[in-house]
Amino acid sequence: MNTLLIYPKFPDTFWSFKFALKFISKKATHPPLGLVTIAAMLPANYKTRLIDMNVTPLKDSDLDGIDIVLISAMIIQKKSVFDVISRCIKRGIRIIAGGPLFTSEPEDFNEVDHLILNEAEITFPEFLKDLKKGQTKHLYSTNEFADIERSPVPRWDLLNMKKYASMSIQYSRGCPYNCEFCNITSLFGHKFRTKKIEQLIAELDRLYLCGWRGNLFFADDNFIGNKKKLKENIIPAITKWMIAQKYPFSFSTQASLDIADDEDLMRAMVKMGLNTLFVGVETPNEDSLNECKKVQNKNRDLISCINKMQNFGIEVTGGFIVGFDNDTNSIFKAQTDLIQKSGIITAMVGLLNAPKGSKLYERMNEENRLLNEITGDNVDMTMNFIPKLSYDKLIAGYKKIIDGIYSSKPYNERVKQFFREFKPKNKFKLNLDITHIKALFKSVWFIGIVDRSRFYYWRLLIWTIFRKPKFFSLAITYSIYGYHFRNVFKYIL
């Protein structure tokens with residue numbers, strides 16, 4: 001069976017880092033972890049290839065002789081998905097599709113031959129059995145959650161790893177919290193499910209043998225959902241492996257803000273190799289935190305919590321939201337001040353949206369406030385429900401936030417603030433491999449000479465050399481990030 005796995009193209013967004021990746025000669029930030037996991041479930045006699053359209057275009061010749069195409073996608077990839085489906089239909093190729101997009105909006109894809117919804121560890125083997133018997137159905141779904149201790153080691157060998165800035169791995173699924181705007185619990189449940197340490201070590205071994213060195217992203221929605229197991233079992237085993245292999249990877253992941261309460265856990269994660277953590281900060285408005293049931297963020301000094309993580313050697317990236325029912329005109333300045341004072345360099349600020357499966361979607365539907373479906377782009381200034389604060393005021397305020405954090409001057413001031421708080425436990429050295437040397441010279445040309453923000457580029461580098469010289473390579477990195485963010489938001493700035 002000639003099988004082609006296709007990962008559709010992402011548009012240029014905040015998280016695509018398109019304008020930054022060119023400095024390090026990469027095509028995409030992360031690989032399609034879902035597809036390489038699915039590939040590991042296919043029978044051994046299937047001839048399998050994978051095309052990530054974010055790395056290489058899908059050519060007509062790629063579809064020659066293909067029996068089945070497997071597509072996985074998120075909502076933001078929807079436009080590219082329709083194009084792929086159309087091309088496959090014209091060639092008469094059987095289409096199998098799954099992932100968050102298809103699970104959330106199956107009614108939009110009746111032309112797909114087989115929809116594999118929910119968690120593939122349950123529904124995909126059922127489809128394969130029916131395929132072998134010649135008795136396949138259009139829809140495969142389940143209300144159960146998979147035992148991910150039975151999830152296979154992904155087929156990373158199908159990837160051209162040199163084209164990615166990071167690899168991905170997964171330890172857990174599910175989240176113990178119940179934030180109103182989030183659909184994670186509807187997709188993966190409240191019960192926090194984890195892999196065995198033997199699985200994780202096997203996956204680290206496979207990545208290492210495939211030649212990967214560099215950043216490794218734990219694609220968990222809340223990595224610290226079971227703190228006891230992390231501290232007693234998972235982190236010590238991974239740390240031992242990392243020491244034995246002389247730290248070939250650096251880790252990044254996502255966690256809830258209450259990690260700041262556990263100094264032992266932060267210390268252990270840093271020793272393991274963690275250096276970057278995405279946190280849903282959301283809002284400084286306590287009434288809005290109550291509204292969305294973000295209980296883990298309530299009654300906190302948010303800036304102190306963030307600075308504490310930075311003091312432990314963790315770079316905090318953050319998500320922020322405006323558009324809650326309890327937001328007033330004061331929220332825009334409050335968000336800007338929070339981001340600037342906290343030193344969160346990568347701050348994704350978006351308007352509130354209600355994805356299908358979230359409690360917010362249910363409430364907006366009951367209140368007859370729903371407008372349409374979400375686009376999946378966190379920063380495109382769209383909302384899929386009628387807000388209490390007028391949409392025009394939200395847009396005007398949103399533009400003020402973006403101008404206040406991503407214009408060159410405030411952005412560079414935020415980088416300096418981060419450097420003041422950041423206390424890495426490992427020694428920072430200027431990377432001297434050819435990729436980073438090229439990035440340095442590209443940044444000098446594109447940002448330091450050509451770009452209109454060149455004054456601030458040189459000002460930051462000079463400040464860093466005299467005040468924080470050990471962070472010089474980071475100053476180059478964040479200058480490149482700033483270049484990307486300004487290009488993403490250029491229609492606002």
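Throughout, read-outs are computed from the coordinates displayed, never taken from laboratory work. Being a predicted model, the structure only gives us computed values, none of them experimental. Glycine also receives a Cβ, built like all others from the backbone with ideal geometry; neighbour counts cover every protein chain displayed.
Side notes on the structure shown:
- Estimated from helices alone, the mean residue ellipticity of the chain at 222 nm is -11500 deg cm²/dmol (sum of -39500 (n - 2.57) over DSSP H runs with n ≥ 4, per residue).
- Expressed per residue, the C-alpha convex hull volume of the chain stands at 148 Å³.
- A full extension of the chain between residue 363 and residue 454 corresponds to an added length of 28.0 nm, given 0.36 nm per residue minus the alpha carbon distance.
- Cysteine residues of the chain whose Cβ has no partner cysteine Cβ closer than 4.7 Å: 88, 175, 210, 292, 305.
- Violating pairs (Cα-Cα greater than 29 angstrom) within the set 9/333; 22/490; 240/341; 132/191; 227/425; 133/196: 9/333; 240/341; 132/191; 133/196
- Antiparallel content of DSSP bridges confined to the range 165-406, in %, to 5: 10 percent
- Nearest-0.05 FRET efficiency for residue 392 and residue 12, computed from C-beta distance (R0 25 Å): 0.45
- Stokes-Einstein D in µm²/s, Kirkwood radius over Cα pairs - the range 2-140 at 25 °C with 0.890 mPa s viscosity: 158 µm²/s
- On the beta carbon distance between residue 126 and residue 465, with R0 = 60 Å, the FRET formula returns roughly 0.50.
- Extension gain, residue 435 back to residue 157 (0.36 nm per residue minus Cα-Cα distance, nm): 97.8 nm
- Cut-off 20 Å (backbone N to label point 7 Å along Cα→Cβ of residue 62), residues of the range 83-110: 83-102
- For the range 353-398 versus the range 158-232, the gap between their alpha-carbon centres in whole angstrom: 29 Å
- Label-to-label distance, residue 210 versus residue 487, with points set 7 angstrom from Cα along the beta-carbon direction: 2.7 nm.
- Of the two radii for the range 165-406, the radius of gyration is 0.99 times the Kirkwood radius, both from the alpha carbons; that is the Rg over Rh value.
- Ratio Rg/Rh [Cα only; Rh per Kirkwood] for the range 339-493: 1.09
- Residue 381 versus residue 137: modelled label distance in nm, points set 7 Å from Cα along the beta carbon direction: 4.5 nm
- Amide H contacts of residue 278 (H built 1.01 Å from N, under 5 Å, at least 5 apart or other chain): 253, 254, 255, 317
- Residues of the range 145-178 falling in the label zone of residue 191, defined by backbone nitrogen less than 16 Å from a point 7 Å along Cα to beta-carbon, are 145-151, 172-177.
- Here is the list for the range 457-493: chymotrypsin sites (Phe, Trp or Tyr not before Pro) lying in DSSP coil, each with at most 10 other C-beta atoms within 10 angstrom of its C-beta, are 491.
- Using a Förster distance of 25 Å, the FRET efficiency for residue 421-residue 445 (Cβ separation, nearest 0.05): 0.20
- Here the 3J(HN,Hα) profile of the range 212-223, calculated from phi with Karplus coefficients 6.51, -1.76 and 1.60 at θ = phi - 60°, is 6, 9, x, 6, 10, 9, 7, 7, 9, 6, 8, 4 Hz, Gly and Pro shown as x.
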